[in-house]
Amino acid sequence: MKTKTNQNINVGVDTGKFQLDIYIRPLDIYFTVSNDEKGIKEAVKLIKKHHPERIVIEATGRLEMPFIMACANANLPFVIANPVHIKRFAGAIGQRAKTDKLDAQLIAHYGDAIKPKLSTLKPDIMQVMSDLVSRRNQIMAMQTMEKNRLQILPKELAMTIKPILTVFKNQIAKIETKIVNLIESTPDYQAKNIILQSMKGIGKIAAASIISNLPELGYINNKEASSLVGVAPMNKESGRFKGHRKIQGGRHQVRTVLYMAMMSAIQSNPVFKETYQRLVAAGKAKKVAIIACIRKMVVILNSMLRDGVLWEAPKV
């Protein structure tokens, strides 16, 4: 039997690594499911019969993505909410206590009171864009190898390399066109793209890589953002041993793209140019200085996306 109501149904979902806590407002229905394929399928089935106006879930990392994809596939209206906005809402209504159930209730209350705009995130497009960026990187790597061979092989063999370089160039252009078309077809991506590319040094490929491979950016704190990219230095200390701090882990694809973006930013963006030159002058290795600049870039981009503001260089 289907249950219909004239009430506006808002669902709050608190995401954990192993479970989802779900509250349906104002029906006062609370339940938990495992954060896996079986649990998500059960949750979607239970939620769908109440015909929700919106399902609100915090963007805290990729833990929520399987649930969001399930909602998208079931044509359920969902909102990927900025945790900062929900935290401010909690402060506004004076809620300080925290439990999984209370968090789910708070998120549903936020959806009911604020009525945030529905998200138009399309996970399938996100995956396609990520694959296109990966393929472009692969072709770029092959193009570089062929260019290097062109420099060292006899001139008689140049004719066997130049046609291949032409093919690579054409394929890269086609992939870039597809990436731009994907961004322009999705309003949420358009907005992010404009903000990201407002920073000198971030071009369409870097922006696409961030959008597709780092969707959490703008919803997490700066330390988490640096760790996800893999540019947060890790201490290596044990007893009297003091090792060099090194970066490790993270999403290598977006880090590689941002490394190339920083090479451009050092030339065109006075903020990163000054930071890089200061670190090198202080004795830092050039690669270490570049990674430090990337870390600074990630932190700034995270703040820009969080606040929805364009890049504004400091006034001299």
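The values are calculated or read from the model by the stated rules, or taken from the named source; none is laboratory data. All of these numbers come straight from a predicted model, not from anything done at the bench. Note that each Cβ is placed from the backbone with ideal geometry, even for glycine, and that neighbours are counted across all protein chains shown. These accessible areas exclude ligands, DNA and RNA; they are computed on the full protein's heavy atoms, side chains included. Shrake-Rupley method; radii C 1.70, N 1.55, O 1.52, S 1.80 Å.
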Going by what's in this entry, would Val299 be described as in contact (Cβ under 8 Å) with a residue 40 or more places away in the chain and buried (at least 21 other Cβ atoms within 10 Å of the Cβ)? no
Subset of the stretch 99-132, residues at pLDDT below 85 and in a loop (DSSP other than H, G, I, E, B), comes to Ser119, Thr120, Leu121, Lys122
For the stretch 73-102, name all the residues that are open to solvent by less than 20 Å² (accessible area, probe 1.4 Å) and not small (Gly, Ala, Ser). Leu76, Phe78, Val79, Asn82, Ile86
Asn82: passes all of (1) in contact (Cβ under 8 Å) with a residue 60 or more places away in the chain; (2) farther than 30 Å from Lys192 by Cβ but (2)
Just for the stretch 15-72: of the residues that are out of contact with any strand residue (DSSP E or B) (no Cβ under 6 Å at 6 or more places or on another chain), open to solvent by 30 Å² or more (accessible area, probe 1.4 Å) and hydrophobic (A, V, I, L, M, F, W, C), which one is modelled with the lowest pLDDT? Met69
Quick check on Val84: is it of a type outside the set (D, E, K, R) and more than 18 Å from the chain's Cα centre (by Cα)? no
Odd one out for Ile194 among (1) hydrophobic (A, V, I, L, M, F, W, C); (2) in contact with a Gly (Cβ under 7 Å, 6 or more places away or on another chain); (3) open to solvent by 70 Å² or more (accessible area, probe 1.4 Å): (2)
Among Gln267, Gln253, Gln248, the single one that is polar (S, T, N, Q), farther than 23 Å from Asn82 by Cα, modelled with pLDDT under 90 and part of a helix (DSSP H, G or I) is Gln253
Residues of the stretch 156-183 satisfying the condition of being open to solvent by 70 Å² or more (accessible area, probe 1.4 Å), modelled with pLDDT under 90 and under 30 Å from Leu196 (Cα atoms): Asn181
The stretch 276-289, residues that are part of a helix (DSSP H, G or I) and either among the basic types (Lys, Arg) or open to solvent by 10 Å² or more (accessible area, probe 1.4 Å) (or both): Tyr276, Gln277, Arg278, Leu279, Val280, Ala281, Lys286, Lys287, Val288
Condition met for Arg149 (open to solvent by 30 Å² or more (accessible area, probe 1.4 Å), touching a residue at least 60 places away in the same chain (Cβ under 8 Å) and either among the acidic types (Asp, Glu) or in a helix (DSSP H, G or I) (or both)): no
